[in-house]
1. Assuming Gln262 fulfils every condition listed in (1) under 23 Å from Ala304 (Cβ atoms); (2) at pLDDT below 85 apart from one, which condition is it?
2. Mind counting the residues in region 59-97 that are within 22 Å of the chain's Cα centre (by Cα), over 23 Å from Ala119 (Cα atoms) and surrounded by fewer than 18 Cβ atoms within 10 Å (Cβ to Cβ)?
3. What do you reckon, is Thr34 among the hydroxyl-bearing types (Ser, Thr, Tyr) and within 28 Å of the chain's Cα centre (by Cα)?
4. The conditions are (1) surrounded by 15 or more Cβ atoms within 10 Å (Cβ to Cβ); (2) over 19 Å from Thr110 (Cα atoms), and Ser56 fails exactly one of them. Which is it?
Amino acid sequence: MIQAFSTDIKPPDERTDYWTDAVGKAFIQLEVRTRGEATIHGTIRRACVAGVQVGSLEASPQRMTRSAPLIAADGDDSLVVSLQRTGTGVATQDGREAPVAAGQLVILDTRRPYVLDFAGPVRQHVATVPREMVDLPDSALRLATGRTYSPGQGISGILASYVNGLVTITDNCICAPAPKEFLKQGIVDVLTALITLEGNVKQEATPAVEAALLLRLRTYIRSHLNDPSLCPASVAAAHHISVRYLYQLFQGEPLTVGRWIQRLRLEACRRDLVRPELAGQTVAAIAHRWGFASHAHFSRTFRAVYGSSPAEWRQAGLPQAGPVPDAVPRS
């Protein structure tokens with residue numbers, strides 16, 4: 001179930017107290033102070049995925065402090081993974097002061113004091129993972145927390161993708177009860193891998209982690225085929241990884257990621273061209289429906305792959321060679 005909080009429901013003089021309470025209920029107990037504005041404005045949407053709290057936060061400039069008295073009072077034992085969507089800030093823990101830019105991750109330990117300072121409006125996706133789920137010693141955690149991670153490649157990119165994906169899934173109420181345990185285990189595994197490898201010159205994702213990311217990438221591509229802007233760069237950006245790393249993940253596949261996108265689109269068009277219920281649609285309309293911006297380019301590519309033009313294929317009414325997996329266009 002999704003919980004929603006908004007300061008808009010309160011008069012200005014009650015908003016700071018309300019917001020402080022909302023942040024505590026949604027994620028973790030923090031002391032909150034405004035930064036340059038008379039009152040705080042903010043919204044939170046939060047849900048629980050098998051014990052992991054995930055949600056989105058959008059707020060006005062503020063300073064959030066996890067103080068020693070709060071730690072002693074609530075005894076929370078969690079790791080906070082925050083993905084900065086927009087805005088900038090500074091995260092401070094264990095004497096380390098880390099600037100946080102849009103697109104970056106920061107990991108914080110709720111058992112030790114920390115500060116999050118946002119001089120401007122901010123939007124974040126946040127996951128709060130119970131410490132008991134991450135089977136690592138404190139010495140490893142202290143090396144990883146209070147630092148920012150730029151998700152250009154490797155495990156930090158996979159973790160950013162997981163946090164963003166979990167928030168999106170829960171925010172749209174499409175997380176069925178059965179898969180929640182697997183989703184939880186996914187973010188725990190990736191977070192554990194990142195903390196384990198903190199300090200290495202090069203982050204290397206395990207085969208299991210890379211296989212999980214590849215599955216997410218393939219699912220994303222199939223569900224966005226009719227978006228004309230879908231390309232390797234947009235896929236990489238949506239998953240917070242570099243284009244180079246995206247191509248690296250597809251190295252063992254029969255086709256490059258760009259060729260695979262094109263082939264899925266062609267197969268979807270080939271199927272629709274012989275569907276009786278679509279007989280009234282032009283070839284150009286079907287091509288456009290599956291993400292081809294140019295009819296001429298579509299016709300040339302279709303003939304190069306299948307040996308006949310789209311019109312010839314349609315006229316022959318040949319059966320499709322095989323189904324196009326999960327290629328269902330959005331309305």
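The values are calculated or read from the model by the stated rules, or taken from the named source; none is laboratory data. Please read all numbers here as calculations on a predicted model, not as lab measurements. Every residue, glycine among them, receives a Cβ derived from its backbone with ideal geometry; neighbour counts consider all protein chains shown.
1. It fails just one condition, (2).
2. Result for region 59-97: 0.
3. Working: among the hydroxyl-bearing types (Ser, Thr, Tyr): yes; within 28 Å of the chain's Cα centre (by Cα): no.
No.
4. The number of the failed condition is (2).
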